[in-house]
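Asks: Handing you a structure now.
Just so you know, all these numbers are worked out from the coordinates, no wet-lab data involved. Note that the structure is predicted; figures quoted are calculated from it, not measured. Counting neighbours? That spans all protein chains shown, and the Cβs are built from the backbone with ideal geometry, glycine included.
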Amino acid sequence: MTAVDEDARTGADTVLFERPARPRTTLRRLGRDLGPGYAANGLVGLIFSCTGPVAVILAAGAAGGLSAPQLASWIFGVFVLNGILTIAMSLAYRQPLGFFWTIPGTVVVGESLTHLSWPEVIGAYVVTSALILLLGLSGLVRRVMSALPMPIVMAMVAGVFLKFGVDLVRALDADVAIAVPMVLVFLALSAVPPLGKWMPPILGALLTGVVAVAVSGRFDPVGDDAGVFASPVFTAPVFTWTAILELVVPLAITVLVVQNGQGVAVLRSAGHHPPINVATVACGVWSFAAAAVGAVSTCLTGPTNALLVSSG
């Protein structure tokens, strides 16, 4: 770290709201910073978010008896709205700042939907948004993040990915025809640096998997008459003490401690200095918009940010 970087970090730690990076990002700088390795990390991060985490949303919605349009609106909120926030924050602070939704919070919501109505849950979302916003404006969140032990937080991140590492071994037994070519291509691109520079190993493995599935004849997408684009469904919130007492504090904890704590830890470990207070305020503000379309609270995601900074 240079003296200038250290001074910038020290200055950021003494102000309530971290200032955006200077000089601002230009199209020329943005084009120069793009590369296949970073694109591969972003694609893998997106695929990760589209698989297991979305399955959690579908399971929670099924438990609560949500309709297909309501589920589509939820997924619209967590991807489209948080995608806009991710672009804006990453450009402003010139570092990867991936925002998605709280996965543990979604699990909590799924359990609550068995006895709470959907408008009651939306009301709890709104109150949670206000709480996160107030904590972000207070400036207390950055102090708490600084006090969290890094090894424990990183162990939480590792725990999220443990299942995916173990599933690699299981895949070799469950579906050899697809798993073996992907593993071989990944190892080959990793072992030969010139090849890996031309084609990132994870991207090469992904493309190999696509080809293997196509060749096996198992690619048979089901048509859908609902259209390509989701239509947001707006639900008026209903505020009840039962829903507020049951959901608000757990949701806020999963956003600020579990998810944001992991996100800050992985970004710091990669040499970045995430704007903790500004990110918290952004989570609070964006959670209001997410609640309007039935989406769970926004967070600075841990696992996806870990994938974004995994190689460079």
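Asks: Please order Tyr125, Tyr93, Tyr38 by the number of other Cβ within 10 Å, starting at the fewest.
Replies: Going from least to most buried by this count: Tyr38, Tyr93, Tyr125.
Asks: Relative to the compact globular guide of 2.2 N^0.38 Å, what is the alpha carbon radius of gyration of the stretch 177-291, as a ratio?
Replies: The reported ratio for this selection is 1.66.
Asks: Further, regarding this structure: Order the peptides 272-280, 295-303 from the highest to the lowest mean number of other Cβ atoms within 10 Å of their residues.
Replies: 295-303, 272-280
Asks: State which stretch of the chain is the longest one without any exposed trypsin sites (Lys or Arg not before Pro), exposure meaning a DSSP loop state and at most 12 other Cβ atoms within 10 Å.
Replies: It works out to 25-217.
Asks: How high is the relative contact order of the chain, in percent, with contacts defined as C-alpha pairs under 8 Å that are six or more residues apart? If you can, show how the numbers build up before the last one.
Replies: On the way: 413 pairs, mean separation 114.0, N = 312.
Contact order relative to length: 37 percent.
Asks: Using 1/(1 + (r/R0)^6) with R0 = 22 angstrom and r between the beta carbons of Phe234 and Phe17, what's the FRET efficiency to the nearest 0.05?
Replies: Values: r = 31 Å, r/R0 = 1.39.
FRET efficiency, Phe234 to Phe17: 0.10.
Asks: Please arrange Ile202, Ile47 by how many other C-beta atoms lie within 10 Å of their C-beta, fewest to most. If you can, show how the numbers build up before the last one.
Replies: Values: Ile202 22, Ile47 12.
Ranked by crowding around the Cβ, least crowded first: Ile47, Ile202.
Asks: If you take the beta carbon distance between Val176 and Glu111 as r and set R0 to 41 Å, what does 1/(1 + (r/R0)^6) give as a FRET efficiency, to the nearest 0.05? Numbers along the way, then the final one.
Replies: Working: r = 38 Å, r/R0 = 0.92.
Taking R0 as 41 Å, the efficiency between Val176 and Glu111 is 0.65.
Asks: Moving to a separate point now. Pop out the ³J(HN,Hα) list for the stretch 25-31 in order, Karplus 6.51 cos²θ - 1.76 cosθ + 1.60 with θ = phi - 60°, rounded to Hz; leave Gly and Pro as x.
Replies: 5, 10, 4, 5, 5, 4, x
Asks: Arranged by the count of other C-beta atoms within 10 angstrom, fewest first, what order do Val210, Val126 take?
Replies: By the 10 Å Cβ count, ascending, the order reads Val210, Val126.
Asks: Describe numerically, in nm with one decimal, the distance between label points set 7 Å from Cα along Cα→Cβ at Ala88 and at Leu245.
Replies: Using points 7 Å along Cα→Cβ, the separation is 3.6 nm.
Asks: A further question follows. Taking 2.2 N^0.38 Å as the expected size of a compact globular protein, what ratio does the Cα radius of gyration of the stretch 37-118 give against it, to two decimals?
Replies: So the stretch 37-118 has a normalised radius of gyration of 1.23.
Asks: Follow-up. Let me know the whole percent of all Cα-Cα pairs from the chain that are separated by more than 32 Å.
Replies: Values: 16253 of 48516 pairs.
When every Cα pair of the chain is considered, 34 percent fall beyond 32 Å.
Asks: Further question on the same structure: Amide H neighbours of Thr235 under 5 Å, at least 5 residues apart or on other chains, H built in the peptide plane: list them.
Replies: Gly294
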